[in-house]
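Read through the structure below, which is laid out as structure tokens, and then see the notes.
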Amino acid sequence: MSILKELNNDINTIINKAGYEAENIVLLPSNRKDLGAYQLNCAMSLAKTYHKSPMLIAQDIKEELEKSSCFVNVNVASPGFINLSLSKEYLVSVLNEINSSIYNNIDKEEKKKIIIDYGGANVSKALHVGHLRSANIGEALKRLAKLVGYEVLGDAHLGDYGRPLGLVILEIKKRYPYLAYFNTDYKGNYEEVTLPITNKDLEEIYPYASTKSKEDEEYLEEAREITFKIQNHERGYYDLWKKIVSISKEDIKSVYDELNVSFDLWLGESDAMEYFEELKDIFTKKNLLKDSDGAQIVEVANENDKSPMPPLLFIKSNKAISYATTDLATILQREKNYHPDEIWYCVDSRQNLHFEQVFRAARLANLVREDVKLSFIGFGTMNGKDGKPFKTRDGGIMTLKNLIKIINAETMKRLNTNIEDEKERESISKTVAIAALKCADFLPFRTTDYIFEEEKFSDLEGKTGPYLLYSTIRMKSLLDKASSISYQKISLLETPEEEELALNILNLPTVISKSLEAKSLNEICEYLYNITSLYNKFYSENRILTEKNNELKESRLVLTKIIYELNILLLDVLGIKVPKKM
Ligand code: ARG
């Protein structure tokens, strides 16, 4: 249990001792710091239960609080607020406990298994800006959930099914009709056939085929037929499809690697299709499928709906399986293979309706146990300076590779010129660029849109990734310089900044639980920024290594170490790597 939780438990015991039944009362950071660091406002609600004036109740509690050596400066303010601060003696002991392990101040939650669906990359299409937030936020939520002890599986949920693949394969057939894949007489092993196509080609082929299909009805029809062949595992087409998936997957993986994003499961929509027949059976037996102009739909609206809730399209009129159905089949697959307690979908907010329909249909068909939580974790868009989704200069789709290049050019400019080795400079700049991107992505609340501003994001000053990295590296270098000194424990907290740093450190569990509750990383980012700038202020105004009083010097080094470790821990949660220098 975290120190903060223990402290709150103690508070509840004290209130009981004062003669009042209470539970789940927590210390709140005060908004009147002149009166105390914390506030308790339980006297007002207790007054109703005990038919007694809140001032008198507050007075009783105050007397009991004063008996504890943890609290100082306990005072009561009308109409019954209790203000209080933590004693230095207590803060020192708390910091020493955290120094022995930072995990002493992290709460472990009850066991739970969560699947997070946060990739959504589409095979044969380049990862683009729309995939950035899913990757960043999903990865960080996965790490955060692991930190509190949940069992978490991240699933890439590749878009490897449906018409785009049919289009790509059709276009390959047009360009390379002689390939063995299209020769029905070919009896050899397709795995041995070399394909004259790289991922770079795919990045050109898909947009080309997609545009063509919009202008050429016959071409579109051919693509549909091919999609159908793939879905029916027709020899040749199916083998080519598998090859394309593997080429594309490799490239997708390399971009995710750059972003420091990884998955436990690399399943795709096509893997869920093994469950399609069973899914259809369940829906049919429960009488949930209705015919509608040749298509099959599931009614998901209910009388409480305030806005229109269109039916879920189960099978399209051309017999193709819809996007919604791939998600339903995936739910069935996840329930059967992994028995999760929760499934989180970290997907663009614009897919909100899609997921509402899918979740409702899944409930109607009891695809998951009743207590399984399905959560849509929508996020806002990253826009260009024109306020519209970020595009290339000529209005094209901005790929993630290009986006990383743009920010990397900025971080490169700001890198310390003393790093001479070219390779090293490049690798450090990349790491800083990813930190810049991620911090900018996390700072606004998850559902808020934001504007891509490469200069601002890569600035060494301000609320940026580079600022956090630079400061963290400086803490480390200070600790390295002190490596010959033994620093074991804190005994003094001299300045108000040191005390405030201690309070901030103590508050970590609140930041973690709020972030998990909101499934947003903004609080963690703000917290990191606040604690880092507070430390930097302390660092510039006080002596650490050159401090003459040895006890104070030791205390300050330990404080630096705790803050350094905290930064490393939280940057890691955010999926941000820290270079050795920059
Ligand atoms: N591949 C989809 C897209 O690019 C996103 C998939 C999101 N996850 C899901 N389970 N539907 O729009």
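Please give the number of the condition LYS388 fails out of (1) surrounded by 16 or more Cβ atoms within 10 Å (Cβ to Cβ); (2) within 30 Å of SER322 (Cβ to Cβ); (3) more than 16 Å from the ligand (Cβ to nearest atom).
(1)
It is to be established whether one or more residues within segment 235-247 are outside any helix (DSSP H, G or I), in contact with a strand residue (DSSP E or B) (Cβ under 9 Å, 6 or more places away or on another chain) and among the hydrophobic types (A, V, I, L, M, F, W, C).
First pass over segment 235-247, keeping only residues outside any helix (DSSP H, G or I): 235-236.
If we keep only those that are in contact with a strand residue (DSSP E or B) (Cβ under 9 Å, 6 or more places away or on another chain) as well, we get none.
No, there is no match, as no residue in segment 235-247 is outside any helix (DSSP H, G or I), in contact with a strand residue (DSSP E or B) (Cβ under 9 Å, 6 or more places away or on another chain) and among the hydrophobic types (A, V, I, L, M, F, W, C).
Yes/no matrix, rows are residues, columns are (1) in contact with a strand residue (DSSP E or B) (Cβ under 7 Å, 6 or more places away or on another chain); (2) surrounded by fewer than 13 Cβ atoms within 10 Å (Cβ to Cβ); (3) at pLDDT below 95; (4) closer than 23 Å to SER317 by Cβ:
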| residue | (1), (2), (3), (4) |
| --- | --- |
| GLY166 | no, no, yes, yes |
| GLU191 | no, yes, yes, no |
| THR194 | no, yes, yes, no |
| ASP201 | no, no, yes, no |
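Just wondering, is there one or more residues in segment 92-106 that are among the small types (Gly, Ala, Ser) and closer than 18 Å to SER520 by Cα? Can you show your working first?
Of the residues in segment 92-106, the ones among the small types (Gly, Ala, Ser) are 93, 100-101.
Those still in the list that are closer than 18 Å to SER520 by Cα too: none.
No, segment 92-106 has no match at all.
For GLY130, state whether it is within 10 Å of the ligand (Cβ to nearest atom) and out of contact with any Pro (no Cβ under 9 Å at 6 or more places or on another chain).
Values: within 10 Å of the ligand (Cβ to nearest atom): yes; out of contact with any Pro (no Cβ under 9 Å at 6 or more places or on another chain): no.
Spelling it out, it is not the case that GLY130 is within 10 Å of the ligand (Cβ to nearest atom) and out of contact with any Pro (no Cβ under 9 Å at 6 or more places or on another chain).
Only one of these is closer than 29 Å to GLU151 by Cα and not basic (Lys, Arg): LEU65, LEU4, LEU28, LEU40. Name it.
Numbers: LEU65 fails: closer than 29 Å to GLU151 by Cα; LEU28 fails: closer than 29 Å to GLU151 by Cα; LEU40 fails: closer than 29 Å to GLU151 by Cα.
Exactly one residue qualifies, and that residue is LEU4.
Which of the residues that make up segment 153-171 are closer than 19 Å to THR330 by Cβ and either touching a residue at least 60 places away in the same chain (Cβ under 8 Å) or away from the ligand (no atom under 16 Å from the Cβ) (or both)? Before the answer, list the steps.
Pass one, segment 153-171, residues closer than 19 Å to THR330 by Cβ: 153-165.
Once the filter is applied, which keeps residues that are closer than 19 Å to THR330 by Cβ and either touching a residue at least 60 places away in the same chain (Cβ under 8 Å) or away from the ligand (no atom under 16 Å from the Cβ) (or both), segment 153-171 yields LEU153, GLY154, ASP155, ALA156, HIS157, LEU158, GLY159, ASP160, TYR161, GLY162, ARG163, LEU165.
Out of the helices (runs of 4 or more DSSP H) lying entirely within segment 397-492, which hold 3 or more residues that are farther than 30 Å from ARG556 by Cα and in contact (Cβ under 8 Å) with a residue 24 or more places away in the chain? Step through it out loud before you land on a result.
Working: elements: 400-413, 422-442, 454-457, 465-481.
Passing ranges, in order: 400-413, 422-442, 454-457.
Looking at (1) away from the ligand (no atom under 14 Å from the Cβ); (2) exposed (fewer than 15 other Cβ atoms within 10 Å of the Cβ); (3) closer than 30 Å to PRO308 by Cβ, can you tell me which one LEU364 breaks?
(2)
Just to check your reading of the model, which residue among SER483, SER458 is crowded, with 22+ Cβ neighbours inside 10 Å and either more than 24 Å from ILE137 (Cα to Cα) or touching a Pro at 6+ places or on another chain (Cβ under 7 Å) (or both)? Can you show your working first?
Numbers: SER483 fails: crowded, with 22+ Cβ neighbours inside 10 Å.
Being crowded, with 22+ Cβ neighbours inside 10 Å and either more than 24 Å from ILE137 (Cα to Cα) or touching a Pro at 6+ places or on another chain (Cβ under 7 Å) (or both) holds for just one of SER483, SER458, which is SER458.
Looking at LEU147, LEU141, which one is under 30 Å from ASN31 (Cβ atoms) and within 15 Å of the ligand (Cβ to nearest atom)? Don't jump to the end; show me each part of the working.
On the way: LEU147 fails: within 15 Å of the ligand (Cβ to nearest atom).
None of the others qualify; the one that does is LEU141.
If you take just the helices (runs of 4 or more DSSP H) that sit entirely in segment 265-358, which of them hold at least 3 residues that are away from the ligand (no atom under 14 Å from the Cβ) and either surrounded by fewer than 17 Cβ atoms within 10 Å (Cβ to Cβ) or of a type outside the set (Lys, Arg) (or both)?
Working: elements: 269-272, 276-285, 323-338.
By residue number, 276-285, 323-338.
Considering (1) within 21 Å of PHE359 (Cβ to Cβ); (2) within 16 Å of the ligand (Cβ to nearest atom); (3) outside any loop (DSSP other than H, G, I, E, B), say which one ASP251 fails and leave the rest.
Unmet for ASP251, out of (1) within 21 Å of PHE359 (Cβ to Cβ); (2) within 16 Å of the ligand (Cβ to nearest atom); (3) outside any loop (DSSP other than H, G, I, E, B): (1).
The values are calculated or read from the model by the stated rules, or taken from the named source; none is laboratory data. Quick caveat, the model's predicted, so the values are computed rather than measured. Neighbour counts run over all protein chains shown; Cβ positions are idealised from the backbone, glycine included.
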